[in-house]
Amino acid sequence: MNTFDQFEVWFVTGAQLLYGGDAVIAVDAHSNEMVAGLNNSGKLPVKVVYKGTANSSKEVEAVMKAANNDEKCIGVITWMHTFSPAKMWIHGLQQLKKPLLHLHTQYNKEIPWDTMDMDFMNLNQSAHGDREFGHICTRMRIRRKVVVGYWQDEETQRKIAVWMRVCAAWADAQDMLIIRFGDQMNNVAVTDGDKVEAEVRMGYHVDYCPVSELMEYHAQVKDEDVKALVDEYFRLYDTDINNDGRTAEYTVLWNAAKAELALRAILKAKGAKGFTTNFDDLGQTDGSHFDQIPGLASQRLMAEGYGFGAEGDWKSAALYRTLWVMNQGLPNGCSFLEDYTLNFDGENSAILQAHMLEVCPLIAAKKPRLEVHFLGIGVRKSQTARLVFTSKTGAGCTATVVDLGNRFRLIVNDVECIEPKPLPKLPVASALWIPQPNFEVGAGAWILAGGTHHSCFSYDLTAEYWEDYAEIAGIEMVHINKDTTISDFKKELRMNEVYYMLNKALC
Ligand code: MN
């Protein structure tokens with residue numbers, strides 16, 4: 001089952017009784033037909049459920065309260081078929097806690113020039129009613145997505161689909177537990193932040209778990225389960241390692257599989273959707289412990305949908321989980337990544353994205369290779385298993401959240417992944433990208449915005465997804481793209497500083 005199947009989005013049509021019961025019956029029939037059309041389009045990941053016409057303040061309030069209390073409902077679409085006086089929406093909008101999409105469309109595509117009379121015009125007046133509704137939302141500072149377009153058009157449905165994926169990720173985040181195995185890497189600022197405010201603003205909860213508790217699960221892992229997982233590795237990946245149980249490399253793989261089983265077991269037991277590790281904290285050597293950084297486990301758990309952030313980076317772990325939920329079923333994949341090394345090469349100047357180990361195989365261009373190499377970082381410098389690959393080429397989008405002290409800022413950058421040269425002495429997974437609009441402006445703007453060296457990347461998602469996410473969460477977003485200039489970007493950062501200082505509700 002994919003995550004989207006458990007959810008629904010409600011569709012509420014605004015009307016009123018001014019035009020008589022027959023008009024409401026017609027509005028209802030049109031709405032039913034439109035919702036069926038949206039569901040049958042095959043373009044929407046989440047089912048739309050028609051909740052009837054809302055004809056009065058009481059009816060609006062009732063449906064909004066019901067939406068709040070329905071666990072399956074992850075968002076509400078409103079559309080004003082006729083004129084729906086917007087004072088009747090005030091109390092309902094005050095109640096609504098779920099994401100809102102205002103669809104500005106019309107039942108009929110074109111004006112029936114030869115036959116249109118006053119009755120027809122009174123019934124089909126979303127041009128009128130949607131402005132009235134839009135006004136009250138703006139007046140009340142209601143955050144929402146406004147989608148304008150004919151309901152049968154692919155582009156209209158695409159925009160709704162984007163929002164639905166974000167709503168699903170948002171709902172997922174309201175019940176998200178991130179476990180930190182060990183603490184933040186000492187002294188690192190950019191990956192740290194206010195966990196209390198993160199829960200208030202973005203919904204997820206972050207807990208600490210001592211590595212000793214993880215080791216209790218590690219000690220209970222059964223040999224037959226480890227053997228089965230190692231065999232699975234040999235089936236899934238290309239490798240030169242022998243599956244004969246005798247070599248030192250096999251032992252490293254065995255230990256990596258055992259670590260993966262321990263991590264999955266404790267995450268399941270705690271109901272966690274993501275985790276962080278710290279290479280300086282791998283358990284006590286005189287008891288159960290990891291012999292290596294559990295990098296292979298992190299790679300494979302990310303592909304399964306577990307959020308991951310290295311070195312205690314819980315904000316990235318949560319954001320990756322959100323990214324993965326939004327990205328489900330899309331073809332090209334997503335990963336946690338890290339800015340590592342610059343390559344100055346004129347117009348093709350680029351940043352090598354890698355990590356010691358932890359890159360998600362969903363972005364691999366080809367079948368990953370399973371390899372074991374020495375890793376000289378962390379408390380236990382040792383032979384370490386990992387999946388080695390290079391990523392696909394093409395356009396993508398990367399994002400990070402930073403804590404600015406008075407608010408969170410979501411920083412989004414369009415990037416272009418290009419073909420790297422072979423790295424025979426660096427056996428890790430990697431991507432090579434040019435931040436848009438080019439290396440100098442893209443990297444410069446990212447640094448000015450205070451962005452991390454860790455980010456959450458997808459080939460399939462665009463900045464539109466993150467814009468919808470920031471709108472729902474009520475957090476700042478800055479988007480670095482092909483049109484960005486440093487001077488305009490600096491102005492935007494300064495203006496945002498004022499906006500968020502004044503707008504205390506968002507800080
Ligand atoms: Mn890192």
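The values are calculated or read from the model by the stated rules, or taken from the named source; none is laboratory data. Note that this is a predicted model, so its numbers are computed, not measured. Heads up, the Cβs are rebuilt from the backbone with ideal geometry, glycines too, and the neighbour counts pull from every protein chain shown. Accessible surface areas use protein heavy atoms only, side chains included; no ligands, DNA or RNA. Shrake-Rupley method; radii C 1.70, N 1.55, O 1.52, S 1.80 Å.
Quick check: anything in segment 256-273 under 19 Å from Q184 (Cα atoms) and outside any helix (DSSP H, G or I)? Within segment 256-273 (the criterion being under 19 Å from Q184 (Cα atoms) and outside any helix (DSSP H, G or I)), the answer is yes, since at least one residue qualifies. Set side by side, the residues M495, M477 differ, and just one is open to solvent by 20 Å² or more (accessible area, probe 1.4 Å), of a type in the set (A, V, I, L, M, F, W, C) and within 23 Å of Q353 (Cα to Cα), which is M477.
Looking at L357, L352, L362, just one residue is touching a residue at least 60 places away in the same chain (Cβ under 8 Å), open to solvent by less than 20 Å² (accessible area, probe 1.4 Å) and aliphatic (A, V, I, L, M), and that residue is L357. Looking only at segment 376-387, decide whether some residue is of a type in the set (S, T, Y) and under 20 Å from the mean Cα position of the chain (by Cα). Within segment 376-387, none of the residues are of a type in the set (S, T, Y) and under 20 Å from the mean Cα position of the chain (by Cα). Restricting the search to strands (runs of 3 or more DSSP E) fully inside segment 283-372 and requiring at least 3 residues that are within 13 Å of the ligand (Cβ to nearest atom) gives 334-343.
Quick one: is R180 under 19 Å from V76 (Cα atoms), surrounded by 14 or more Cβ atoms within 10 Å (Cβ to Cβ) and not hydrophobic (A, V, I, L, M, F, W, C)? Taking the combined requirement at face value, the residue does not satisfy it. Against the list (1) more than 16 Å from the ligand (Cβ to nearest atom); (2) part of a loop (DSSP other than H, G, I, E, B); (3) over 16 Å from L323 (Cα atoms); (4) at pLDDT 95 or above, the condition K425 fails is (4). Residue-level check: of (1) assigned to a helix (DSSP H, G or I); (2) more than 20 Å from Q353 (Cβ to Cβ), A443 misses just (2).
Of all the residues in segment 382-440, those that are touching a His at 6+ places or on another chain (Cβ under 9 Å), under 30 Å from D281 (Cβ atoms) and charged (D, E, K, R) number 1.
Residue-level analysis places E492 outside the set of residues that are outside any strand (DSSP E or B) and closer than 29 Å to A365 by Cα. Does T398 qualify as being polar (S, T, N, Q), part of a strand (DSSP E or B), touching a residue at least 12 places away in the same chain (Cβ under 8 Å) and open to solvent by less than 20 Å² (accessible area, probe 1.4 Å)? Answer is yes for this residue.
Quick check on segment 450-474: of everything there that is in a loop (DSSP other than H, G, I, E, B) and in contact with a Ser or Thr (Cβ under 7 Å, 6 or more places away or on another chain), which residue is nearest to L352 (Cα to Cα)? Checking each candidate, the answer is T452. Residues in segment 294-340 that are open to solvent by less than 10 Å² (accessible area, probe 1.4 Å), of a type in the set (A, V, I, L, M) and farther than 16 Å from G274 by Cα: 0 in all.
Before we move on, is S84 surrounded by fewer than 16 Cβ atoms within 10 Å (Cβ to Cβ) and small (G, A, S)? Steps first, answer last, please.
Numbers: surrounded by fewer than 16 Cβ atoms within 10 Å (Cβ to Cβ): no; small (G, A, S): yes.
No.
Scanning segment 15-29 for residues that are of a type outside the set (D, E, K, R), open to solvent by 70 Å² or more (accessible area, probe 1.4 Å) and without any contact (Cβ under 8 Å) to a residue 12 or more places away in the chain gives a single hit, I25.
With V226, V188, V230 as the choices, which residue is at negative phi, within 16 Å of the ligand (Cβ to nearest atom) and not assigned by TED's automatic domain parsing to the domain that holds R143?
V188
Condition test on V206, is it in a loop (DSSP other than H, G, I, E, B), in contact (Cβ under 8 Å) with a residue 40 or more places away in the chain and surrounded by 14 or more Cβ atoms within 10 Å (Cβ to Cβ)? Considered against the rule, which asks whether it is in a loop (DSSP other than H, G, I, E, B), in contact (Cβ under 8 Å) with a residue 40 or more places away in the chain and surrounded by 14 or more Cβ atoms within 10 Å (Cβ to Cβ), V206 comes out as no.
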